[in-house]
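Heads up: the structure comes next, in structure tokens.
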Amino acid sequence: KSSLNESAESTQAENSEQSASKQSPGTEFAFNHESDINLGSNKPNIYIFWGDGCPHCKSLAKFISKLPTETKNKINIYSFEVWGDKDNKSFMKNFGKFLNQDVSGVPFMVIGDKIFDGYSSGDTKTDQQILDAINTIIKNQGSTDQYKLYKKA
């Protein structure tokens, strides 16, 4: 089962048959779209842009899937496949431009005001930075959600 957040589970349940057939083997990321983002949720959001078949994305998905359940229950994880989905790719480019990032590769992840471009399995420093960023947005209740700022711009 993917590490879907609670608020998206109802949407996911409606699309479960489609998503199950679209889900690639061994990838824990969901196939979200910008319209899936719930800014009304009381949980902070994490945005992950990935490519279906990308080994670094697969490693990141594996790392994210190993987050403790108590952590996963406190956040919303939105993951956008960009290699096969033109809308998601456009969203990634525009969001990246807003963040002053020239996003040319995946995975690309936004956690609060922290940006992670790329991922290497076994890079414990980056793993710790990701965990720290997640803990910070939980502590601050998502007050630095860059997507909210992007939508206001």
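For segment 36-153, what value does the Rg/Rh ratio take when both radii are computed over Cα atoms and Rh is the Kirkwood radius, given to two decimals? If you can, show how the numbers build up before the last one.
Details: Rg = 13.4 Å, Rh = 14.4 Å.
Looking at segment 36-153, the ratio lands at 0.93.
What ranking do 31-40, 121-130 get when scored by the average of other Cβ atoms within 10 Å per residue, highest first?
31-40, 121-130
Which value, in debye to the nearest 20, describes the size of the charge dipole of segment 92-137 about its Cα centre when Lys and Arg Cβ atoms bear +1, Asp and Glu Cβ atoms bear -1, and nothing else is charged?
Dipole of segment 92-137, to the nearest 20 debye: 160 debye.
Run the reach check for residue 43 against lysines, Cα to Cα strictly under 21 Å, same-chain hits fewer than 8 apart removed. What comes back?
Of all the lysines, those that pass the test against residue 43 - Cα under 21 Å, at least 8 places apart if same chain - are 1, 66, 72, 74, 114, 139, 148, 151, 152.
Quick one: what are the phi-derived ³J(HN,Hα) couplings along segment 108-122, Karplus 6.51/-1.76/1.60 with θ = phi - 60°, whole Hz, x for glycine and proline?
Residue by residue, segment 108-122 yields 10, 9, 10, 10, x, 9, 9, 10, 10, 10, x, 7, 10, 4, x Hz.
Rounded, prolate or oblate: which fits segment 22-83 when a ≥ b ≥ c are the square roots of the eigenvalues of the alpha-carbon gyration tensor, with rounded for a/c under 1.5 and prolate only if a/b beats b/c?
oblate
What is the Cα centroid distance between segment 26-73 and segment 105-145, reported in whole angstrom?
11 Å
Under a 5 Å amide H to amide H cut-off, with H placed in plane at 1.01 Å, what residues pair with residue 81 once short-range neighbours are removed?
Answer set, sorted by chain and number: 32, 50.
Bear in mind these aren't lab numbers, they're just calculated from the coordinates by the rules spelled out. Here the structure is a predicted model, which means the values were calculated and not measured. All Cβ positions, glycine included, derive from the backbone under ideal geometry; neighbour counts span all protein chains shown.
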